[in-house]
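Chemist: Let me give you the structure first, and then I'll get to my questions.
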């Protein structure tokens, strides 16, 4: 099984490439993606050929993933405007998706200072959303530990460039996954950050 850090990297990898790349796309609405039902073929028919594809071994399952991404480098430097969506498939059926963006119109920044307020076994899904806002992704098993759980995913990634001839580049990523049990209460909280702003 791959390490959690590899899984948590998610779509951030595609946002770290330099320059302008990819094909622009609109973030899909959460209700248009049905975990356990939507197929790989339906995603490709809707979004076209993925920017990247690969596999991930987790909880004894081999998942296929596809990523769609787009970025637009600012001439003046600063944070690269970028968005990406990654889809995970178990036997070509959707079991997870995660979206991140540093574009103003669909910005996915969230307040990590609130993460410590999420209490396992004490908060409901509705309370988590009331605290953190609407999630930008969702998981089913095997992307969460419990086979009956679902995951609320919050993710933000950015690439910042400063300087001219020899620019300095900073990468930053944070991701929160809150697992929700069948009774609607929190069963687990995973939060990870890397890099610096």
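Chemist: Residue 128 fails exactly one of the following numbered conditions: (1) outside any helix (DSSP H, G or I); (2) touching a strand residue (DSSP E or B) at 6+ places or on another chain (Cβ under 6 Å). What is the number of that condition?
Modeler: Only one criterion in (1) outside any helix (DSSP H, G or I); (2) touching a strand residue (DSSP E or B) at 6+ places or on another chain (Cβ under 6 Å) is unmet by residue 128, namely (1).
Chemist: Please find, among 67, 80, the residue that is surrounded by 14 or more Cβ atoms within 10 Å (Cβ to Cβ), touching a residue at least 24 places away in the same chain (Cβ under 8 Å), touching a strand residue (DSSP E or B) at 6+ places or on another chain (Cβ under 9 Å) and more than 29 Å from residue 142 (Cβ to Cβ). Spell out the reasoning first.
Modeler: On the way: 67 fails: more than 29 Å from residue 142 (Cβ to Cβ).
None of the others qualify; the one that does is 80.
Chemist: Is region 45-59 home to any residue that is in a helix (DSSP H, G or I) and either farther than 24 Å from residue 158 by Cα or touching a residue at least 60 places away in the same chain (Cβ under 8 Å) (or both)?
Modeler: The answer is yes; a qualifying residue exists.
Chemist: What's the number of the condition residue 156 fails, among (1) farther than 28 Å from residue 60 by Cβ; (2) more than 12 Å from the chain's Cα centre (by Cα)?
Modeler: The single condition residue 156 does not satisfy is (2).
Chemist: Which numbered condition trips up residue 110, out of (1) closer than 29 Å to residue 161 by Cβ; (2) at pLDDT 95 or above; (3) part of a helix (DSSP H, G or I)?
Modeler: Here residue 110 clears every test but (3).
Chemist: If a residue must be outside any strand (DSSP E or B) and surrounded by fewer than 21 Cβ atoms within 10 Å (Cβ to Cβ), how many such residues does region 143-197 contain?
Modeler: Selection size over region 143-197: 16.
Chemist: Can you run down the residue pairs with Cβ atoms below 6 Å, 6 or more apart or on separate chains, where the first is in region 13-31 and on the phi > 0 side of the Ramachandran plot and loosely packed, with under 12 Cβ neighbours inside 10 Å and the partner is modelled with pLDDT of 50 or more and outside any strand (DSSP E or B)?
Modeler: Note: pairs meeting the criteria are 19/73.
Chemist: Do we have any residue at all in region 133-142 that's surrounded by fewer than 23 Cβ atoms within 10 Å (Cβ to Cβ), farther than 17 Å from residue 191 by Cα and more than 18 Å from the chain's Cα centre (by Cα)?
Modeler: Among the residues of region 133-142, not one is surrounded by fewer than 23 Cβ atoms within 10 Å (Cβ to Cβ), farther than 17 Å from residue 191 by Cα and more than 18 Å from the chain's Cα centre (by Cα), which makes the answer no.
The values are calculated or read from the model by the stated rules, or taken from the named source; none is laboratory data. Here the structure is a predicted model, which means the values were calculated and not measured. Here Cβ is always computed from backbone atoms with ideal geometry, including for glycine, and neighbour counts include all displayed protein chains.
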